[in-house]
Structure formats: C-alpha cells, structure tokens
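Colleague: Below: one structure in structure tokens.
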Amino acid sequence: MGAYFVTVCTQDRACLFGDILDGQMRLNEFGGIVAWTWQDLPNHVPNVALDAFVLMPNHVHGIVVITDTVGAGSEPAPTEPAPTNTKRYALPEIVRQFKTFSARRINKCRGTPGAAVWQRNYYERILRSEESLNQVRQYILDNPHRWAYDRENPEATALEPEAAWAQ
C-alpha cells in the first residue's frame, strides 16, 4: 500500500474550473466534470482509494492510496491464482486515466475534441508517514484560502514558499 500526494495543472495554467470566492472554490461546469471524474476513479481502478482532494481554478491536489494487499498483512497469501479481471494499476496509469477521461468530457462540452486540458506531466510525492499524510491533508483543505498566494494563481499577489505543505 502507498499514499501519494498528486498535483495536476491545466495546460498553460488556464483557470478552467471555476473561481475562488471568500476562500471557497465555486465550480463551473468543467470543474464539476473534473470533480466527478476524480471521485469516480475507484469505480474503474480496483486498487485505488481516494483521500483528501481539492479542485482549484487551474489545478487539483489529491491523495491517492494504492491498495495492493495481495500477500501482504496478517492474512496468508491466497493459494488460488488471482482472477484475471483484477488488474492492478500504478500511479502513472491512474493519473493518465483521470486526465484522459476528464479532458474528453470537458472537450465534448466545449466542442473542442482533442484539445489539451491538462499539462503533460504531474507532480507526485510519496507520503511515508502519518505525519506527512496529515500535513498534506491540511494543506489540501486550506488551499482555497491561500489562493491569493498560490504559485499556480496567475494573479497571485505574493507567492507562498515552495513546498508549503511540508512545513
């Protein structure tokens, strides 16, 4: 099992998903698509659980927990072969699915098939302790309140320190 802090930004940091008003994210139609796609991931990826998540005007932060417990823990490993329809996915494939499915839905709504919605890569950090997990959860929860200082905000008045979640 592993927990990962993931950040995915829009192409050219375009603010596509709504606005921050009074420290709250107000989703537009595209933001609703992205939020729904994120929450729907466990229905398509059998070895994923989602933790904290926030959608910002031009990026998302989330915690992805990959739960591959075959042969792990206090239970003995199964002696029967695993079912062939239980595919396990690594983080890059999970993020790829999220980006692809949300971009297709957004592009269908705006009539721009194939247009880039997301930047090419994403940021990830392994959360190795309960303390790190809790710090990142709090960072995610507080993110809309810090939008004016967010490095991803094209109109930021001052920038927060790099890796503010690791303070």
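The values are calculated or read from the model by the stated rules, or taken from the named source; none is laboratory data. As the structure is a prediction and not an experimental result, all values here were calculated from the model. With ideal geometry, Cβ positions are generated from the backbone for all residues, glycine too; neighbour counts draw on all protein chains shown. The accessibility values were calculated without ligands, DNA or RNA, using every heavy atom of the protein model including side chains. Shrake-Rupley method; radii C 1.70, N 1.55, O 1.52, S 1.80 Å.
Colleague: Residue by residue through the range 121-143, note down the ones that are charged (D, E, K, R), over 12 Å from residue 7 (Cα atoms) and open to solvent by 60 Å² or more (accessible area, probe 1.4 Å). Reasoning before the result, please.
Modeller: In the first step, residues of the range 121-143 are kept if they are charged (D, E, K, R); the result is 124-125, 128, 130-131, 137, 142.
From what is left, the residues that are over 12 Å from residue 7 (Cα atoms) are 128, 130-131, 137, 142.
If the condition is that a residue be charged (D, E, K, R), over 12 Å from residue 7 (Cα atoms) and open to solvent by 60 Å² or more (accessible area, probe 1.4 Å), then 128, 130, 131, 137 are the ones that fit.
Colleague: In addition: With the requirement that a residue be over 27 Å from residue 88 (Cβ atoms) and touching a strand residue (DSSP E or B) at 6+ places or on another chain (Cβ under 8 Å), what does the range 31-53 give you?
Modeller: Matches in the range 31-53: 31 only.
Colleague: Here's a follow-up. Please verify whether the range 147-156 includes one or more residues that are touching a Phe, Trp or Tyr at 6+ places or on another chain (Cβ under 8 Å) and either open to solvent by 70 Å² or more (accessible area, probe 1.4 Å) or under 30 Å from residue 46 (Cβ atoms) (or both).
Modeller: no
Colleague: While we're on this one: Report, ordered by the first and then the second residue, all pairs with beta carbons closer than 6 Å, sequence separation of six or more or different chains, a first member in the range 102-130 that is without any contact (Cβ under 8 Å) to a residue 24 or more places away in the chain, and a second member that is in a loop (DSSP other than H, G, I, E, B) and of a type in the set (Val, Ile, Thr).
Modeller: Here the result reads 103/117, each pair linking the range 102-130 to a residue that is in a loop (DSSP other than H, G, I, E, B) and of a type in the set (Val, Ile, Thr).
Colleague: Here is a follow-up. Does residue 19 fit the bill of being assigned to a strand (DSSP E or B), open to solvent by 40 Å² or more (accessible area, probe 1.4 Å) and within 27 Å of residue 107 (Cβ to Cβ)? Before the answer, list the steps.
Modeller: Working: assigned to a strand (DSSP E or B): yes; open to solvent by 40 Å² or more (accessible area, probe 1.4 Å): yes; within 27 Å of residue 107 (Cβ to Cβ): yes.
Yes; evaluated as a whole, the condition is true for this residue.
Colleague: Please verify whether the range 23-39 includes one or more residues that are open to solvent by 30 Å² or more (accessible area, probe 1.4 Å) and of a type in the set (Val, Ile, Thr).
Modeller: Scanning the range 23-39 turns up no residue that is open to solvent by 30 Å² or more (accessible area, probe 1.4 Å) and of a type in the set (Val, Ile, Thr).
Colleague: Tally up the residues in the range 22-57 that are in a loop (DSSP other than H, G, I, E, B) and either basic (Lys, Arg) or modelled with pLDDT under 95 (or both), please.
Modeller: Qualifying residue count for the region: 6.
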